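*Asks:* Have a look at this one before I ask anything.
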Amino acid sequence: MNDLTYIQKRFVTYIETIMKSDKLSHSYLIEIGDISMDFPFILLFVKMILCPKNILEVEQFNCSSCNTCKLIDEGNFPDLEIVEAEGAQIKKRQLLSLKDEFQKKSLIGRRRVYIIKNAEKLNPSSANTILKFLEEPSDDIIAILLASNRYQVLDTILSRCQILSLYDASDIGIVDDVVVRLIKYIIHGDDLFVHYKEIYEEILVDKEKAKDIFICIEQVFIRFLSLSASSSGEKDEQFSFLESVNKNKILSYITIIEEELPKLVYNINYKLWLDSIYSRFVEVK
């Protein structure tokens, strides 16, 4: 676990915090890059949830003496179900089968977990089936949905999940000057309100524009932190203006964006939403 990227370290640290604080959510949408590289971290999260021991105290999170963790690694643990797309879509009957299975009580532990790979492949019918499952969560069932791009997942699903990310924005190209300008306003806090009229009328003119720009801003922050954590010494000159910004502040900005963007779906008053996200940025110390 010593050669992790910044994103992987952030993910592990965050799920450690979740488990230590006993603030486990009923549903997560985890954005991943390479499934073969990232899936072990998803299984680590599952082990933290299901392991009867305190895996946080086990060296290198490798609970080799625990039968639960062994069965999870082997793909044979009965309280873990993994749903994958059949062809181009995840089909309704797959989710109905999952629901039927999870209506039974666990004979092993106090929690059960299901993972849906490629959640962006949920079709309208299957998405509606899992949506009802997410809306009426059972205390002992944890949902983990995986997607390569959270914004390709239906908004109704996205808004019911806590968002985590293992996505490494390693190639985002040249960043638009407007995005850079808005990032500079964010890191200077009060500038968001000083330039309020300009931003509202010329940059973040509506919900869709705001969504696109804040996605790009988040990718810039993640890219900068990834490069900062890299042992190669690689840098991107277009992000040099972030060098003086505390890394924890940038991490806080990422968290705010991840928490606020799903609210755009249901927030009727767009201006109030902007005021809310501005205020949260300004409060970051």
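The values are calculated or read from the model by the stated rules, or taken from the named source; none is laboratory data. Given the structure is predicted, the values throughout are model-derived calculations rather than measurements. Quick reminder, even Gly has a Cβ in these numbers, built from the backbone with ideal geometry, and neighbours come from all protein chains shown.
*Asks:* I'm checking my understanding of the structure. Among residues of region 54-113 that are at pLDDT 80 or above, touching a helix residue (DSSP H, G or I) at 6+ places or on another chain (Cβ under 8 Å) and exposed (fewer than 12 other Cβ atoms within 10 Å of the Cβ), which one is farthest from E136 (Cα to Cα)?
*Replies:* So, considering only residues that are at pLDDT 80 or above, touching a helix residue (DSSP H, G or I) at 6+ places or on another chain (Cβ under 8 Å) and exposed (fewer than 12 other Cβ atoms within 10 Å of the Cβ), the one farthest from E136 (Cα to Cα) is A88.
*Asks:* For Y278, indicate whether it is in contact with a Phe, Trp or Tyr (Cβ under 8 Å, 6 or more places away or on another chain) and at pLDDT 85 or above. Give the steps one after another, and end with the answer.
*Replies:* Values: in contact with a Phe, Trp or Tyr (Cβ under 8 Å, 6 or more places away or on another chain): yes; at pLDDT 85 or above: yes.
Here the answer is yes, as Y278 does meet what is asked.
*Asks:* Right, next: From the list I199, I186, which one is closer than 19 Å to F224 by Cβ and either assigned to a helix (DSSP H, G or I) or at pLDDT 85 or above (or both)? Full working, then the answer.
*Replies:* Numbers: I199 fails: closer than 19 Å to F224 by Cβ.
None of the others qualify; the one that does is I186.
*Asks:* When region 141-156 is examined, which residues are found to be at pLDDT 85 or above, more than 20 Å from R112 (Cα to Cα) and out of contact with any Gly (no Cβ under 8 Å at 6 or more places or on another chain)?
*Replies:* Result: A147, V153.
*Asks:* Applying the selection to region 24-43, what residues are of a type in the set (D, E), in contact (Cβ under 8 Å) with a residue 60 or more places away in the chain and not in a strand (DSSP E or B)?
*Replies:* Listed by number, the list holds a single entry, D38.
*Asks:* Quick check on V284: is it within 28 Å of C161 (Cβ to Cβ), touching a helix residue (DSSP H, G or I) at 6+ places or on another chain (Cβ under 6 Å) and modelled with pLDDT under 85?
*Replies:* Judged against the criteria, V284 is not a match.
*Asks:* Ok, one more. State which residue pairs qualify: first residue among the charged types (D, E, K, R) and inside region 244-260, second residue in a helix (DSSP H, G or I) in any location, beta carbons under 6 Å apart, and separation of 6 or more residues or different chains.
*Replies:* Once the first residue is among the charged types (D, E, K, R) and sits in region 244-260, its partners that are in a helix (DSSP H, G or I) give E260/I277.
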